[in-house]
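For reference, the structure discussed in these notes is given below.
Here, each number is a calculation from the coordinates, and none is a lab measurement. Fair warning: this is a prediction, and the values are worked out from it, not measured in the lab. A quick note on method: Cβ atoms are made from the backbone with ideal geometry, for glycine too, and the neighbour counts reach across all protein chains shown.
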Amino acid sequence: MIIKLIKNYIVPVIVIFVIFSSLILDKTPMVTPFVISGVLLVFSIVFDSRFPVLRYTQFVFLGLFHYFAHLNWAQLLYFILIVIALQKSSRILTSVVITTLYTLEYTLLRLSYQPINAYNLLVSVYDWMTGLLVIALFHYFLLAENEKKLLRDRTRYLSTHDALTGLLNYEGYLINIQELVDRRDRFILITMDFQDFKSYNDQDFQSENEILVNMSIRLKERFPDACVMSRYAGDRFAIAIPQRDNDLTAIDSLMSSGSLGFQVAYSVCRFPQEGETVYSLITLAEDRLFQNKRNMWLLREELRFQEEKLKVVGELAAGMAHEIRNPLTTIKGFMQISKSNDYDMRPWYELIMSEISRMSELTAEFLQFAKPHISDMTPRLMQRCIDRVLFLTESDAALRGHGMEYEIAEEDIYVMADRDKMVQVLLNLIRNAFEAMKEPGTVSVRLKRDAGMCRIEVEDTGCGISESGLQKIFNPFYTTKENGTGLGLSICKKIIQDHGGSLDVESVVGQGSLFRIKLPVVEYEPV
């Protein structure tokens, strides 16, 4: 900037001053060539940026102007041309050569109108030393300014760019979008969030960085005409591209193609159609991005839920098929035997009927598991439900040689429940406890209130359940009984869940198992 000021204003003023001074002092022998050389010198200096060839004539025009002026005052013009020449060269040797040539020209021309004596020769040496000092000082300040400029540029770059990908950061993103808005350029703002990137959080930091760098490379390849490209907030990217025909269709096609390597939630806004300011445009883009992310999350959860349901249906179907195939195989075998005996089925009639009854019971239990019928939900006194269950199981316990223990809460505990379903659950748990004890043992039934919950525990002293069995015990069709269907505990758990409660189990192999039911208590005063 200062060089341009010197060339356009300072040089013409100095040339005019030297011309008037030489004329007033009557130094110039030829006025017309003197004035013409001065004009040509000014022209070559002022317009050398537009016509670079003029730089090679400045040396000649300055020599002519100095020769006709017969004044040492032209020395300042030599220094100005040296500085202008040095500005375009950073090499010391080149600077020394240029300075020497200009100094030599000045010395020879000065000696052409002054006597050659010791004084003038020493002045010439002094002029050359002054030129070298100018070179040294100029290069020192030039180097300092270049370092400052590089530091400013680097600082500005780091403050507006992402160090990892080289894209703009959020601050740079805002600045560049503001520049587009100020110029009133029509553009499309695309904001993106890579959904699947979160699944890489358990990998090492280097892997995440490599993924982000690869993302930025892909975006540069697919949006080569982007005016603005930014990465911010971890895995979010923003891109501004010029508006074109069918651009929205092309963007939708790219985002849905999967070519970016990840599932992308994105939003698109157009300037100035959908926002007149940076704030309104970015706010609209972020709102749309949030809604699109939410819709994608809901869709993904729905698909996951459907997959889980299909998986459960598949497991149930496989288990049901397995359980029904066994009695069918038995019946098929007896039918084949009866064919060879002229279809006399009487010897196997009872077995066939028992297998058919088994299939019927299995089907009924499966339907009950699929949709247990809970119809009579009223406040129930749990002490009465348990009393009924103990009454129903007392004879079975005595027949097997097992003892029964019952710990009852002192206060009345009411639960919103279907009594028949609760009795069914408790009967199933107690009978399972009987069957788990190969030798005479004890089944303990406890009822207590615990922090607003009704807790019912059924504990046996049987063989216990292995660790692997505990993980599968509530799965449909999982059973360790020879004639079991594997649906009993599954039905119990579903009934308790339909009552708003929970059913879990603890067990130690060789010591026994404890099933725990928790149900919400209701405050109820019987009429």
Inset, instruction - Starting from the coordinates of the alpha-carbon atoms of the stretch 170-276, obtain the Kirkwood hydrodynamic radius over all distinct pairs and give the value in Å to one decimal. - result: 14.6
Legend entry - Semi-axis lengths (Å, descending) of the ellipsoid that matches the C-alpha gyration tensor of the stretch 71-142: 24, 11, 9
Inset, instruction - Could you work out the Kirkwood radius for the stretch 399-527, taking every pair of different alpha carbons, averaging 1/r and inverting it, reported in Å? - result: 15.4
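Give me the net charge of residue 457's neighbourhood, meaning all other residues with Cβ under 9 Å from the Cβ of residue 457; Lys, Arg count +1, Asp, Glu -1. Could the numbers behind the result be given before it?
Values: positive: 446, 448, 455, 516; negative: 407, 459.
Net local charge, residue 457 excluded: +2.
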Inset, instruction - Just check the stretch 1-128 against the gyration tensor rule for me: Cα atoms, a ≥ b ≥ c as the square roots of the eigenvalues, rounded for a/c under 1.5, and otherwise prolate or oblate depending on whether a/b exceeds b/c. - result: oblate
Inset, instruction - Would you count, across the stretch 2-157, every pair of lysines whose alpha carbons are under 27 angstrom apart, provided the pair is eight or more residues apart or spans two chains? - result: 9
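Report the FRET efficiency, 1/(1 + (r/R0)^6), for residue 91 and residue 144, where r is their Cβ-Cβ distance and R0 is 30 Å, rounded to 0.05.
Values: r = 17 Å, r/R0 = 0.58.
Using R0 = 30 Å, I get an efficiency of 0.95.
Quick one: what do you get for the stretch 90-193 if you divide its Cα Rg by 2.2 N^0.38 Å?
Numbers: Rg = 26.3 Å, N = 104, 2.2 N^0.38 = 12.8 Å.
Compactness ratio reported: 2.05.
What FRET efficiency comes out for the pair residue 123/residue 21, r = Cβ-Cβ distance, R0 = 25 Å, nearest 0.05? Working shown, then result.
Numbers: r = 20 Å, r/R0 = 0.79.
Approximately 0.80, to the nearest 0.05.
If we sort 386-398, 436-448, 24-36 on the protection proxy, mean other Cβ atoms within 10 Å, highest first, what's the order? Can you show the working numbers first?
On the way: 386-398: 15.2, 436-448: 16.7, 24-36: 13.5.
Peptide ranking by packing, descending: 436-448, 386-398, 24-36.
Residues with beta-carbon under 10 Å from that of residue 405, excluding residue 405: net charge, scoring Lys, Arg +1 and Asp, Glu -1?
With Lys, Arg at +1 and Asp, Glu at -1, the net is -1.
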